[in-house]
Amino acid sequence: MNIYFFIIIFSLTAVCLLGLISRKLNRSALSPELPEEFKGTFNADKYRKSQDYTKAGIGFENISSTFMTLVTLLFIICGGFNILDIWATSFGYNEIITGLIFFAGLAILSDLISLPFSLYQTFVIEEKFGFNKTNLKTFFMDKIKGYLLGGIIGGILLSGILLFFSLAGQFAWAWCWLFIVVVTLAIQYIAPTWILPLFNKFTPLEEGELKDKIGQFAKNNGFEISGIFMIDGSKRSTKANAYFTGFGKKKRIALFDTLIKELSTDEIVAVLAHEIGHSKLGHIRKMIIMSIINTGIVFLLMSFFLGNKDLFAAFGMQNISIHAGLIFFALLYTPVSVVLSVFSNAKSRKHEFEADNFAAKTTKTPSALIGALKKLSASNLSNLTPHPFYVWLEYSHPPVLKRIENLKSHNA
């Protein structure tokens, strides 16, 4: 048996089974007894609803991930990539255009297969639990915008990669690495002004206590911002959130209108203090650097496999091409990607604790962030008792009870 075929089939199957096991453990960890810490935030009905929401999510993920894995395995075994490659090549264009046709066909096929799951999740599960505010028009307009944006950005990125691997010889991987880094950073710079407004309306936060307190906190902690905006998040969901976009002098604070409605002024400032903490403590810079290093390693490894005949034989390919090689390497890289994500999540959870500590120290009111975490957990129907293995495998943030326990130590 072709060793690459075995590795890829085994990896995809193992990852699917690992997900099923972790979600089963997570479901088993659901406790009928409300944690003492949340008895003032959750009532019995709300807590039961949060557990039902977790169960619904687990069941949905089990079905969707298993189905998509089976489709992928069948596509590989039945020579789907070879059929797609023959179709893309039949247009008679050069390697770059052919590659773009190949990727476009694969992306559209994948999206069409996953579309029923996206619709079900949005209009059945999220609707049932009172989260969904999206209508079909908005849903499909988001799809169209995503296609256009993905076509433009994805087309630029893929064209550059295909061009460099076609012409740059031995050091093509390094040119691809540099190209991806430059384009990615450029996108981060223009996203707040040109990309994100395509999906949400950004309204400058009106004058008042909230804006004054946020501005004063940012100034006191040497955090420069270009603006504070409210997002019409309620257009799609009742879930609340806040985040920063851009970097340098282009940093923006973005508050969901649902967050402003749910939390008090001090609680919102505490949430933003946490986010500012990520920047002041160098977390964002560290993650960018690690991402850049990881991208370089991936391209270096990729360069050894793009022309590997045995790898192409594993997929029953008639022709060896750069565009197909990119996909095959990504599939071969699956187990490495899973292992790296576990380490990345562990690092991220550590950063979250550190950002919480920063917020507690700088606001001098850890109770404000505790209150925000409790309210957000209740409004988002969060799972309060996730299984440790599921947290280890999937969580980029610590469980909320762990975060509250850490914050309470600042009151001691």
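The values are calculated or read from the model by the stated rules, or taken from the named source; none is laboratory data. In this text the structure is predicted, and so the values were computed from the model without any measurement. In this analysis, Cβ positions are derived from the backbone assuming ideal geometry, glycine residues included, and neighbour counts consider all displayed protein chains. Accessible surface areas use protein heavy atoms only, side chains included; no ligands, DNA or RNA. Shrake-Rupley method; radii C 1.70, N 1.55, O 1.52, S 1.80 Å.
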Task: Estimated FRET transfer efficiency (Leu119, Ile195; beta-carbon r; R0 35 Å; 0.05) - done: 0.90
Open item on the list: Using Cα-Cα distances under 8 Å and only pairs 6 or more residues apart, what relative contact order does region 236-308 have, in percent?
Closed with: 20
Open item on the list: What do you get for chymotrypsin sites (Phe, Trp or Tyr not before Pro) in region 186-280 restricted to DSSP loop and a cutoff of at most 16 other Cβ within 10 Å of the site's Cβ?
Closed with: Phe199, Phe247
Task: Net dipole in debye of the chain [+1 Lys, Arg Cβ; -1 Asp, Glu Cβ; about Cα centre; nearest 20] - done: 620
TODO: May I ask for the distance between the Cα centers of region 144-158 and region 356-370, given as a whole number of Å?
DONE: 40
TODO: Taking the Cα centre of region 1-110 as origin, work out the dipole magnitude from +1 charges on Lys and Arg Cβ and -1 charges on Asp and Glu Cβ, in debye rounded to 20.
DONE: 360
Open item on the list: What distance in nm lies between label points placed 7 Å from Cα along the C-beta direction at Ile284 and Lys235?
Closed with: 2.3
Task: Farthest positive-ward along region 249-372 dipole, Cα basis, beta-carbon charges - from Gly307, Gly296, Ser337 - done: Gly296
- [ ] State which entries of Lys143/Lys347; Lys145/Lys347; Lys211/Lys251 exceed 24 angstrom in Cα-Cα distance in the structure shown.
- [x] Lys143/Lys347; Lys145/Lys347
Open item on the list: Name the residue from Leu401, Pro192, Ser90 whose Cα lies farthest towards the positive end of the charge dipole of the chain, charges +1 on Cβ of Lys and Arg and -1 on Cβ of Asp and Glu.
Closed with: Leu401
- [ ] Keeping all protein chains in position, work out how much accessible area Arg236 exposes to a 1.4 Å probe, and write it in Å² to the nearest 10.
- [x] 50
- [ ] Please state the charge dipole magnitude for region 315-412, taken about the Cα centre, from unit charges on C-beta atoms (+1 on K and R, -1 on D and E), reported in debye and rounded to the nearest 20.
- [x] 400
- [ ] Run through every distinct alpha carbon pair of region 308-412 and return the Kirkwood hydrodynamic radius in angstroms, one decimal place.
- [x] 16.9
- [ ] Just subtract the alpha-carbon distance of Glu61 and Ala313 from 0.36 nm times their residue separation and send over the number in nm, one decimal.
- [x] 87.5 nm
Open item on the list: Could you work out the relative contact order of region 130-236? I mean the mean sequence separation of Cα pairs under 8 Å and 6+ apart, divided by the number of residues, in percent.
Closed with: 32
- [ ] Select from Leu25, Ala44, Phe5 the residue farthest towards the positive end of the dipole of region 1-90; place +1 on Cβ of Lys and Arg, -1 on Cβ of Asp and Glu, and compute about the Cα centre.
- [x] Ala44
Open item on the list: Output wanted: per-residue J couplings in Hz (rounded whole) for region 239-244, from phi through Karplus 6.51 cos²θ - 1.76 cosθ + 1.60, θ = phi - 60°, x for Gly and Pro.
Closed with: 5, 9, 6, 7, 7, 10
TODO: In whole Å, largest first, what are the principal axis extents of the Cα atoms in region 104-244?
DONE: 59, 45, 19
TODO: For region 1-152, compute Rh as the Kirkwood radius over C-alpha pairs and then the Stokes-Einstein diffusion coefficient at 37 °C and 0.692 mPa s; write the answer in µm²/s, rounded to an integer.
DONE: 172
Task: For the chain: relative contact order, % (alpha-carbon pairs under 8 angstrom, 6 or more apart) - done: 23
Task: Potential extension, Glu207-Thr138 segment - 0.36 nm per residue separation minus Cα distance - done: 21.8 nm
Open item on the list: Out of the chymotrypsin sites (Phe, Trp or Tyr not before Pro) in region 52-111, which ones are loop residues according to DSSP with at most 15 other C-beta atoms within 10 Å?
Closed with: Phe91, Tyr93
Open item on the list: Here are a few candidate values for volume of the Cα convex hull per residue in Å³: [x] 132; [y] 195; [z] 148. Which one was actually calculated from the structure I just gave you?
Closed with: [z]
Task: Entries in Lys49/Lys201; Lys213/Lys402; Lys46/Lys239; Lys128/Lys235 that, when Cα-Cα distance is taken, lie over 20 Å - done: Lys49/Lys201; Lys213/Lys402
Task: the chain, helix-only ellipticity at 222 nm - DSSP H runs n ≥ 4, -39,500 (n - 2.57), divided by all residues, nearest 500 - done: -23000 deg cm²/dmol
Task: At 0.692 mPa s and 37 °C, Stokes D of region 84-145 from Kirkwood alpha-carbon radius, µm² per second - done: 238
Task: For Phe202, residues with placed amide H under 5 Å, excluding near neighbours - done: none
Task: Integer Hz, Karplus 6.51/-1.76/1.60 couplings in order for region 222-236, x for Gly and Pro - done: x, 10, 8, 10, 8, x, 10, 10, 9, 9, 7, x, 5, 5, 10
